Amino acid sequence: MGYQLMRLSPFSRVTPLLVVSALVIVIALAACSSDSEHADSGNPVTPIPTLVTIDTPDPSDEADADPAVASGEEVFAANACVACHSTGENDVVGPGLAGIGERAGTRVAGQSADEYLNEAIKDPGAFIVDGFANAMPGTFGNLPEGEINDLITFLKSL
């Protein structure tokens, strides 16, 4: 008996790996289809109401309306005061400045808050807050007097 050679077509050599790969691609494409197909499925989406509170400044608030506060804030930013002082309560290199307007008048006997802050800016080594080093440079005393006054007004608003 003779042997017969069977000739296979190129399509008969498709391996199971190709079939599985094609199936995975079809499933992935189906999963990535837009959700608009499912939007009309009869299951309406009910939004959950959410209360959002936005804190906006009161225009009648004197600190917000005072142009010296805004100018002082610009002086604070332009001189990189934030590198060593936070405007909050947390300490950085120097003490946090929140509430400094109330504390300033009690730091040195006989000095008002304005006098203390003026001296702290012009001669920072004159009084060192406990727990901090004498690290503030004395160069801020060279600022124009108007900028120092605006800076003091800003600090007292914190």
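Laboratory data are not the source of any read-out in this text; all were calculated from the coordinates shown. Everything numeric here is computed off the predicted structure, so don't read it as measured data. Neighbour counts run over all protein chains shown; Cβ positions are idealised from the backbone, glycine included.
So here's what we get for this one:
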| read-out | value |
| --- | --- |
| Semi-axis lengths, Å, region 62-157, gyration tensor of Cα atoms, sqrt of 5 times eigenvalues | 19, 15, 14 |
| Interchain or long-range residues, amide H under 5 Å from Asp91's placed H | Gly96 |
| Potential extension, Ala109-Ala78 segment - 0.36 nm per residue separation minus Cα distance | 8.0 nm |
| Zone residues, region 66-101, relative to Phe127, backbone N less than 14 Å from point 7 Å out along Cα-to-Cβ | 100-101 |
| Burial ranking of peptide ranges 115-121, 71-77, 138-144 (average Cβ count within 10 Å, highest at the top) | 115-121, 71-77, 138-144 |
| Protection proxy ranking of 148-155, 102-109, 81-88 - average other beta-carbon atoms within 10 Å, highest first | 148-155, 81-88, 102-109 |
